[in-house]
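Presented below is the structure to which this report refers.
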Amino acid sequence: MTATATRTSDQDTARRSGLRTVLSKSDAFGGTALVALLIIVTVFAILEPQFLTTSNLLNVGRQAAVLIIVACGMTLVIISANIDLSVGSTVALCAVVGASLSATHGVGGVLTVAGVVALGALIGAVNGALVAWAKINAFIVTLGMMTVVRGAALTYTDGYPISGVQDDARYLGFGTVGRIPVALIVTAVVFAVVAIVLAKSVAGRHVYAVGGNETSSHIAGVAVARTKFFVFVVSGALCGLAAVVLLGRLGAGLPTSAQGLELDAIAAVIIGGASLFGGRGSVFGTFFGALILAVLQNGLNLLGVNSFVIQILSGVIIILAVLLDRLRNRTRK
Amino acid sequence: MTETTPLLELREVTKRFPGVTATRKASIAFFPGRVHALLGENGAGKSTIVKMISGIYQPDEGAIVVDGQRVRLHSPADAEAAGVAVVHQHRTLVDELTVAENLFLGHLGRAWARFRRRTWEAKARELLGRVRLDVSPGAFVGDVGPAAQQTIEIARAIGRDARLIIFDEPTTSLTPPEREVLFDLVRDLRDQGIAVVYISHDLGDALALSDEVTVLRDGAVVAHERSGWDVQTVVRHMIGRSLDSGFPRTRRIGAETVLDVRDLRSPHLRGVSVSVSPGEIVGVAGLVGSGRTELLRAVFGLDPVDGGQILLDGRPFRPRSPRHSIAAGIGFVTEDRKGQGLVLDLSVSDNVVLGNERPLASAGLIATRRQNTTVDATIRSLQVKTSSRGVPVGTLSGGNQQKVVLGRWLARSTRLLLIDEPTVGIDVGARGEFYKLLDDYAAAGGACLVVSSDLTEILGLADRVVVLRAGASVAEMKGSDMNREAVLRAMVAAA
């Protein structure tokens, strides 16, 4: 009698774990977000002939580049069970400093790009050190940093844009290779590198482990503090790179640019299936999540929908995504 | 009091959790006006039964019968409506509210509607009178002592017209005189016709107080008696197996010393000395709070050390962090597998190599084939039962999860294993397998320091036992001196 009971419970477990594996596999590559993206694209393609043209799609890509680059960094941060609210401000400060280097101080393109990325990484390092070693909650640290850095950008420029960025510094955001914008190539490279880091590298594995269970990871010998520091530095450096792309596109550095970018980036990561509690998520999902936000914006614009209404719809999408995640978790249990 | 109808009855109740059957076909009847002691070791199924009676869990099979009628208790509210109340091991009162407010908490709406404040407090005073507690209804709960707080919980249960009250380890935070007061109160409740379920690790108290006794082992009812049992009979039923069965011993103890802890002091330890040789399993016994876990944590670099000495292979060792201890060849299998051992969302494979990925990687990238080779070897040698190495480790049974944690340390050539409660939450069958793995490890020259609350386990497993009391090592025994009575006496002795 006991033997039968045990066997059925084993079968149950096996069936459940099978279902779980399928779900988490599709999840690992942002399956749900991809399906949602395809549906949205199909709807726009039917409603608006302008939508599926090459020039419009390239336009979407160019618009989405900054968000995707920043969201890739945010993916690492969120999987490690942290949050980075300072990304928007960091992009803005990096952009005005870059503009000032190139336009005012006549620094060359390569050095400008390197300086801006280094500045982003430095801001990330400060965040990371405060979270990892001073053990202050990431929400608090980056909330403070968001305000500090935005203030720094405004102080540095007196609140005015800095224009006149030279062409060599604009190449990554404005240049093209054939018809393909360089910004898209940069985005693709960032995506590929972050994907490989998460899937294959020791550091990426530790990001998942720390986010999944910090105590277990610590006891297993994972360098928990170093891992946290790492994700914030990557997030900061990618903000620097995103600022270069933005700078190139606009030809100027605006201290008020990228406001609310942190919320879009977090939304992209969550729509992509990551858990805000850490341990789960993928850069594929984030990629699709960011595209959903960008396509929605672009398609609704083409349809002539009021931009205030677009805001409402974006918010609804975010909540729907989390609701979906909740349902997915229920099937898991 | 007639005994024809039990107030509440469990009929062949089975409850399963992934990997563990918590109760199997357990039948127990609780009668009004009787104190019924529920006894058993940790994991025997007592708390599962309490949770089924109080509506937190629902049985997978079998029935719960109240007043002769089958019922389904879907929630604690259902159980409360059926007259069930629990006086918890952990307090459930709100410190910032008054005694009267706590008494009617969750029923405030009803209370507000029915009474003006004065009648409300009068009602509270009446309830406090029934449990003979002399505190003002307007006093804040945070200001009264732990014993009074527990009594307030009992008063609350009575106030909700409870007909069956479950006492879950009620004496743990009470002084001896307070215990006597509690016992009187329990007898009072019995005489008022309430069915009392009494759960305690203190077998002497439980036997003295109860009118009938049910012993659980591995989820099943193994004995039930109206009265006339002594502690030894109960213990025999609780353990149900002879002391040395299932504990293989193929190891040979080496002459040298791997770990030598001398007079170790920390905020939780007041002088602990213990040593372990290669091929040796040393057991650490002691009551909860005696510093057992804290000893392992200190050696592993998780807690700071204030004084004393730790020698590793005869050389002084000051553990700074887990990474530092791991580098010195120490591994730690924690008591809380899910919270402090595994990352449940990661696969079996990733958990086996967690923290040890560097040797599998080149240029920072993990070579999947090399990882698979390592993991497959671990799965094979420890006989981990899993459908594949890729499934989330959380889907495995407790015993197999424990093997994954152990496998992680074995895969990185650990010389000294610290193990806290090796078989907590693991089915009996799987325990034997785990004991064999530990013996194999020691036979290969490994050293083990094992903490366990299960005396049978510790006496069977260990070559030597060190007893901790109040943060200090107070006794060490081996061979024929190492027996249950001696260990127990050292654990609790007053001086």
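Throughout, read-outs are computed from the coordinates displayed, never taken from laboratory work. Bear in mind that the values here come from a model prediction, so they are computed numbers and not experimental data. Note that we place each Cβ from the backbone using ideal geometry, even for glycine, and neighbour counts take in every protein chain shown.
Remarks
- Dipole magnitude for the protein assembly as shown: about 1600 debye, using +1 per Lys or Arg Cβ and -1 per Asp or Glu Cβ, origin at the Cα centre.
- Candidates A:Leu254, A:Leu85, A:Leu313, ranked by Gaussian network fluctuation over chain A, Cα under 10 Å, top entry: A:Leu313
- Checking every one of the trypsin sites (Lys or Arg not before Pro) in the stretch B:252-328 against DSSP loop status and a limit of 13 other Cβ atoms within 10 Å picks out B:Arg252, B:Arg320.
- Within the stretch A:85-190, the chymotrypsin sites (Phe, Trp or Tyr not before Pro) that combine a DSSP coil assignment with at most 12 other C-beta atoms in a 10 angstrom radius are A:Trp133.
- Using a Förster distance of 41 Å, the FRET efficiency for B:Arg187-B:Arg70 (Cβ separation, nearest 0.05): 0.85
- For chain B, the longest principal axis of the Cα atoms and the long axis of helix B:117-130 meet at an angle of about 70 degrees.
- Residue mean of other protein chain beta carbons inside 10 Å, B:333-346: 5
- Rounded to 10°, Cα long-axis angle of helix B:428-443 versus longest principal axis of chain B: 30 degrees
- Working note: Cα gyration tensor of chain B, eigenvalues times five, square-rooted, sorted largest first, giving semi-axes of 45, 26, 24 Å.
- Exposure rule at most 12 other beta-carbon atoms within 10 Å, DSSP loop GluC sites (Glu not before Pro): chain B longest free segment: B:257-495
- Enclosing the Cα atoms of the stretch B:8-239 in their convex hull gives a volume equal to 125 cubic angstrom per residue.
- Non-local lysine pairs in the stretch B:259-492, meaning eight or more places apart or on different chains, with alpha-carbon distances under 17 Å, amount to 4.
- Against chain A, whose longest principal axis is taken from its Cα atoms, helix A:283-302 shows a tilt of about 60°.
- As a size descriptor, the averaged projected area of the C-alpha convex hull of the protein assembly as shown was calculated at 42.6 nm².
- Comparing A:Ala243, A:Leu184, B:Ala157 along the charge dipole axis of the protein assembly as shown, the residue lying farthest to the positive side is A:Leu184, per the Cβ-charge model.
- Exposure proxy shown here: for B:Arg369, B:Arg249, the number of other Cβ atoms within 10 Å sets the order, fewest to most, as B:Arg369, B:Arg249.
- Taking chymotrypsin sites (Phe, Trp or Tyr not before Pro) across the stretch A:223-320, the ones in a DSSP loop with at most 12 further Cβ atoms lying within 10 angstrom of their Cβ are A:Phe277.
- Restricting attention to the stretch B:8-239, lysine pairs at least eight places apart or on different chains and with alpha-carbon atoms under 15 angstrom apart total 4.
- Residues with amide H under 5 Å from that of B:Ser473, placed H, sequence gap 5 or more: B:Val272, B:Ser273
- Each Lys or Arg adds one and each Asp or Glu takes one away; over the other residues whose Cβ falls under 12 Å from the Cβ of A:Leu143, this sums to -1.
- The stretch A:69-283: C-alpha gyration tensor shape, a/c 1.5 cut-off, then a/b vs b/c: prolate
- Take every DSSP beta bridge whose two residues both sit in chain B; close to 55 percent of them are antiparallel.
- With an a/c value of 1.5 or above and a/b larger than b/c for the gyration tensor axes a ≥ b ≥ c computed over the alpha-carbon atoms, the stretch B:378-495 is described as prolate.
- Prolate/oblate/rounded label for the stretch A:178-333 (Cα gyration tensor, a/c 1.5): oblate
- Positive-end ranking of B:Leu437, B:Pro170, B:Phe30 along the dipole of the protein assembly as shown, with charges on Cβ about the Cα centre, is headed by B:Leu437.
- In this calculation the C-beta distance from B:Arg489 to B:Glu61 is compared with R0 = 56 Å, giving a FRET efficiency of 0.85.
- Share antiparallel - DSSP beta bridges, the protein assembly as shown, percent rounded to 5: 60 percent
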